[in-house]
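Working notes, structure below.
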Amino acid sequence: MSTTHPGPTHRTRPTRRYDDRRVPFPPEAVAAYRDAGLWGTRTLADEFRAAAERHPDRDAVVAAEGRLTYAALDAATDRIGAGLAGLGLAPGDPVLVQVTNRLETVLAWYALLKAGLVPVATLAAHRGHEIAHISWAVGARGHLVEHGTHGRSGAGTDLVAFALEQADGHPTLGHVLVLGAPAAAALPAGAVRLEDLGADLDPATARARVTAIQEGLDADDVAVFQLSGGTTGVPKLIPRQHAEYWYNARAYAEALGWTADDRVGHLIPVVHNAGISCGVHAVATVGACLVLTGHDLDTALPLLAAERTTSVLFGHVHYRAPEHPAYPALARHLRIVVLSGAKVSEELFAAVAADGAWVGQLFGMAEGLFLVTPLDGSAELRRTTVGVPVSPADEVVVLAPGTEDEVPDGEVGELCARGPYTLRGYYAAEERNAEAFTSTGAYRTGDLAAIRVLDGHRAVSIEGRIKDLINRGGEKINAEEVELLLLAHPHVVEAALVAMPDPRLGERGCAYLVTDGVPVTLEDVRAHLRGLGVATFKWPERVELVAALARTRVGKLDKKAMAAEVAGKLQEEGVLA
Ligand code: AMP
């Protein structure tokens, strides 16, 4: 085991896979974060192993499919991890992960890490357009999908057949791995049942194999690729490294004061940054239990209540949870409720607080920066701001957009951050990196924010965004990506995707189109995007045909005007209250 293996600052590091196409943390920052005790020297898998040794008999994860203690999860992931290595997948190989929230997802996560593989966090909702782009960009060697997803919400298609199709003719995708298939299920040729891997290995052999793999890794190697929701064009890859990624989760758990007795509910997609950093990894940093559910409140809330969940993260799609009839049974156990993803209304805050729980907010992004309202913050601070950075080493500034000039407290500008778990560059994206960072390496989040000084805290309030995306219940839709796809339609001449307000999801996409004279309907647009293999959540949900797109006086697209127009129409149509 590599608990004592020295970190990269202590030895000459061989050049690692990905090194030539990623932007490393500067050596002096690495040294400072390590000296301050923020970054450890273990890999993610070794951190999990250490947690399992501290808390063997505690529940690590509970889901509708069952439960696993830390010791059981550790042993099972040794076996599957060794089995993955036995397939010929080598440390550093990227594996696309396209699964929903279930027990086996956590098993798969740690098994991949133990095999030294690099999970690439995609969404179950992604289709050929996204998966082909990502798998080529990263050179994916494997594709892990879930069995039996056909017709299910969140995935909706037969992901096993989809993965086999994607692998066909692909230069690197050689392994289709399937989780959640019943033992008796016959899988198509070319697909391997994940849970069976390593079945022939005794526990000691399996452990020895994964231990040897971990000893060959470095705490500052790329451990995981997350996807960016908020850049231009197609999604960019965010390389997350072992030590900094674990620290991100540890700092979040500390900010909320969790202990090993906490039982932490998670309903939003778990193989996404929030799921990993606020769920899977964060619970393990303190030996708490992850109560993993799907997003449907009807099934999620009863499970969370039955498991006596003490802390839960509600994304915007779940802001109505307190109105659900199953909520009071859960509220009895809740100590901490974290709201994230959109503005929190007074009514929502009051409804959650009425049951006695501490209510707060999280601002988080796959690129890094986490802000959480402090435990000792007043109700006003916790309702009106997203709080303060989770790490003392986070450096947060609000800059006048497009400049490096800090705006005074209280004024709105672009939120920018540099710190011990915020990326220094997207993977293989030089052009994008040139504009996404300040000259001192702070990441320009694309979010508008202001510093509010409250109860002695310099808390951040989110005031909008600069980046051109639509936040559809937490799923980010990149406007430019969809516009380029719309322009590929034979009759579309100009296209602009704008956000229209939605009471449940927050925002949905509305396409403003100029055509060559042939009318294009919403159905046409959707059929077009289906044909291009674009994930359904990105499809526009309304089309406005216009003679010309609205422009400002200087000729720039005026998306604000278009968004205001469609919001007005929805109001008139009675769609919005
Ligand atoms: P992701 O990387 O998918 O987690 O998305 C990160 C983005 O979600 C941020 O840059 C914000 O635009 C948005 N976001 C996250 N948390 C919040 C929040 N509490 N309030 C408003 N927007 C948020």
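Computed from the coordinates by the stated procedures, all read-outs in this text should not be read as laboratory data. These figures come from a predicted structure and were not determined experimentally. Here Cβ is always computed from backbone atoms with ideal geometry, including for glycine, and neighbour counts include all displayed protein chains.
Structure notes:
- The charge dipole of the chain, taken about its Cα centre with unit charges on the Cβ of Lys, Arg, Asp and Glu (plus for the first two, minus for the last two), comes to roughly 460 debye.
- Cβ charges +1 (Lys, Arg) and -1 (Asp, Glu), total dipole of segment 469-572, debye: 260 debye
- Maximal additional length on extending the Asp35-Ala548 stretch stands at 178.9 nm, based on 0.36 nm per residue less the C-alpha distance.
- Above 35 Å, the calculated P(r) of the chain contains 36 percent of its Cα-Cα pairs.
- Scoring 36-49, 321-334, 396-409 by mean Cβ neighbours within 10 Å over their residues and listing the highest first yields 36-49, 321-334, 396-409.
- Separation of segment 158-237 and segment 98-151, taken as the distance between their Cα centroids, equals 7 angstrom.
- Segment 60-218 - Rg and Dmax from Cα coordinates, angstrom: 14.8, 42
- Kirkwood-based Rg to Rh ratio, segment 160-211, C-alpha trace: 1.07
- Separation of segment 303-347 and segment 457-526, taken as the distance between their Cα centroids, equals 29 angstrom.
- From most to least packed by mean Cβ count within 10 Å, the peptides 65-71, 542-548 give 65-71, 542-548.
- Where only DSSP H runs of four or more residues are counted, the chain gives -8500 deg cm²/dmol as its mean residue ellipticity at 222 nm, each run worth -39500 (n - 2.57).
- Each peptide in 523-532, 107-116 receives the mean, over its residues, of other Cβ atoms within 10 Å, and ordering these scores from highest gives 107-116, 523-532.
- Beta-bridge orientation, segment 60-218: approximately 15 percent antiparallel, per DSSP, counting only bridges with both partners inside.
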